[in-house]
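**Q** Right, I'll just put the structure down here and ask away after.
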Amino acid sequence: MMAIGDSALAAKRPGDRSIFFYMNETDHHGHAHLYRWLLDHARQLGLPGGTARRSMRGFGRSGHFHDMHLVDTSLSLGVQVQFQLREIQASQLLASLEQEHPGIVYFVTRTELGVT
């Protein structure tokens, strides 16, 4: 991926995809935390980058709230892993995950990348 300020990014780039994956901190794939495994897997595919974010508060299908407290070291919070990819890269990532079957909830949105 080109650096911010590169002239190639000065024009808007339609057709990109944002992929958001949602999981709990306690979720695993094999012996690795699922969010770490997903980032490692994407890097092995040669994707340009991804970010994992820990939630502060949220609830899921159970309706039970999960909160982050300063004294709480439990790993019961949600994690969001996000990738901003070209359409072909997004397809490549999702196809590879179908073979791995990690069972991650995700959604994909069409985005437009630009630099001001």
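**Q** Scan (1) among the polar types (S, T, N, Q); (2) surrounded by fewer than 16 Cβ atoms within 10 Å (Cβ to Cβ); (3) at pLDDT 90 or above for the single condition T116 breaks and write down its number.
**A** Result: T116 passes all but (3).
**Q** Suppose the filter is surrounded by 13 or more Cβ atoms within 10 Å (Cβ to Cβ), among the charged types (D, E, K, R) and either at pLDDT 75 or above or in contact with a strand residue (DSSP E or B) (Cβ under 7 Å, 6 or more places away or on another chain) (or both); does R17 pass it?
**A** Working: surrounded by 13 or more Cβ atoms within 10 Å (Cβ to Cβ): yes; among the charged types (D, E, K, R): yes; either at pLDDT 75 or above or in contact with a strand residue (DSSP E or B) (Cβ under 7 Å, 6 or more places away or on another chain) (or both): yes.
When the stated conditions are applied, R17 passes them.
**Q** I'm checking my understanding of the structure. Among residues of segment 40-62 that are hydrophobic (A, V, I, L, M, F, W, C), out of contact with any Asp or Glu (no Cβ under 8 Å at 6 or more places or on another chain) and surrounded by fewer than 19 Cβ atoms within 10 Å (Cβ to Cβ), which one is nearest to E100 (Cα to Cα)? Spell out how you get there, then give the answer.
**A** The initial filter retains those residues of segment 40-62 that are hydrophobic (A, V, I, L, M, F, W, C), namely 42, 45, 47, 52, 56, 59.
Restricting the remaining residues to those that are out of contact with any Asp or Glu (no Cβ under 8 Å at 6 or more places or on another chain) gives 42, 45, 47, 52, 59.
Okay, now just the ones that are also surrounded by fewer than 19 Cβ atoms within 10 Å (Cβ to Cβ), so 45, 52, 59.
Details: L45: 13, A52: 19, F59: 27 Å.
Only one residue tops the list, namely L45.
The values are calculated or read from the model by the stated rules, or taken from the named source; none is laboratory data. Everything quoted here is computed from the prediction, not taken from an experiment. Note that each Cβ is placed from the backbone with ideal geometry, even for glycine, and that neighbours are counted across all protein chains shown.
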